[in-house]
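One structure below.
The values are calculated or read from the model by the stated rules, or taken from the named source; none is laboratory data. Computed from a prediction, not measured in an experiment: that's the story for all the values here. No Cβ is skipped: glycine too gets one built from the backbone with ideal geometry, and neighbour counts run over all protein chains shown.
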Amino acid sequence: MDESLENQTQTQTLDQENEIVTEGSAAVHGEPSQDGSVPPKVDSEVEVLDEKVSKQIIKEGHGSKPSKYSSCFLHYRAWTKHTQHKFEDTWQEQQPIELVLGKEKKEMAGLAIGVSSMKSGERALLHIGWELGYGKDGNFSFPNVPPMADLLYEVEVIGFDETKEGKARSDMTVEERIGAADRRKMDGNNLFKEDKLEEAMQQYEMAIAYMGDDFMFQLYGKYQDMALAVKNPCHLNMAACLIKLKRYDEAIGHCNIVLTEEEKTQKRCSEEGRPRQS
């Protein structure tokens, strides 16, 4: 387990006022597909959330549900309902996304309705009509969704931040994002020590969500070093949890991400003519 930043002064600003909600999980009501290529088979009751949105719970969650303007961190796979064409998979990319309820994009309206009904740790299959998805015209860039396509989402809510103002990652300063990620990393470390592996992974994934590719691409110099000092340990700690859970392929994936980052850092330091910081 990485403790490198825990013995240093906390990263400049830790979003103290935001309450993080993560929970364990309980009963399972279905069998997610092994490779995620097709929608999971779910035998739970269909819950109607909206005229165009319904939900079937795959795995129960615990605790409260997010309110408007909560920043929700989630993984999902998405398919067109009739052809079962998968057009997006955040698990495959190992990059959880953030969805701020009440500030979602138009094509995410149905997904937001579903997520707002879910608890931390809950996994569900959402059935969404085309009117609350990509609409009459569809989308022909990325993701590629045909016109008037009803959608299926397999969604897992990792956790959420209750924020009154709905402050998204994109609205935070660099220091705020790194600080928020660092706090989640430390919370994950404490949960790991208590052998609460699933809860620990929730915290690590939330931290990684703050350090997304779009954010990392903009950083250089000391800020890039600060961000990697949080992000890379989270991937390695995720791998440690996954090894304990005997999910070896996923653990290898997280280790490979760190190796790639280390190679980039080594190359960058060589080009800049400065020693690599350990």
**Request:** Considering every residue within segment 58-80, establish whether at least one is surrounded by fewer than 16 Cβ atoms within 10 Å (Cβ to Cβ) and assigned to a strand (DSSP E or B).
**Result:** yes
**Message:** Can you say whether Leu111 is more than 15 Å from His75 (Cβ to Cβ) and part of a helix (DSSP H, G or I), as far as the supplied structure shows?
**Reply:** no
**Message:** Any residue at all in segment 204-216 that's more than 29 Å from His62 (Cβ to Cβ) and either free of Cβ contacts under 8 Å to residues at least 12 places away in the same chain or in contact with a Leu (Cβ under 7 Å, 6 or more places away or on another chain) (or both)?
**Reply:** yes
**Request:** Please find, among Glu205, Glu199, the residue that is in contact with a Pro (Cβ under 9 Å, 6 or more places away or on another chain) and under 14 Å from Ile158 (Cβ atoms).
**Result:** Glu205
**Prompt:** Is it the case that some residue within segment 132-147 is among the hydrophobic types (A, V, I, L, M, F, W, C), in a strand (DSSP E or B) and buried (at least 23 other Cβ atoms within 10 Å of the Cβ)?
**Reply:** yes
**Test: residue in segment 97-108 that is modelled with pLDDT of 90 or more, part of a loop (DSSP other than H, G, I, E, B), acidic (Asp, Glu) and assigned by TED's automatic domain parsing to the domain that holds Gly129** = yes
**Request:** Output the number of residues of segment 225-259 satisfying the condition of being in contact with a helix residue (DSSP H, G or I) (Cβ under 7 Å, 6 or more places away or on another chain) and under 17 Å from Glu176 (Cα atoms).
**Result:** 6
**Prompt:** So, of the residues in segment 217-248 that are outside any helix (DSSP H, G or I) and touching a residue at least 24 places away in the same chain (Cβ under 8 Å), which turns out to be surrounded by the fewest Cβ atoms within 10 Å (Cβ to Cβ)?
**Reply:** Leu245
**Message:** Could you list, ordered by first residue, the pairs with Cβ atoms under 7 Å in which the first is in segment 133-153 and closer than 13 Å to Lys106 by Cα and the second is assigned to a strand (DSSP E or B), at least 6 apart or interchain?
**Reply:** Gly133/Leu151; Tyr134/Val145; Gly138/Val145; Asn139/Val145
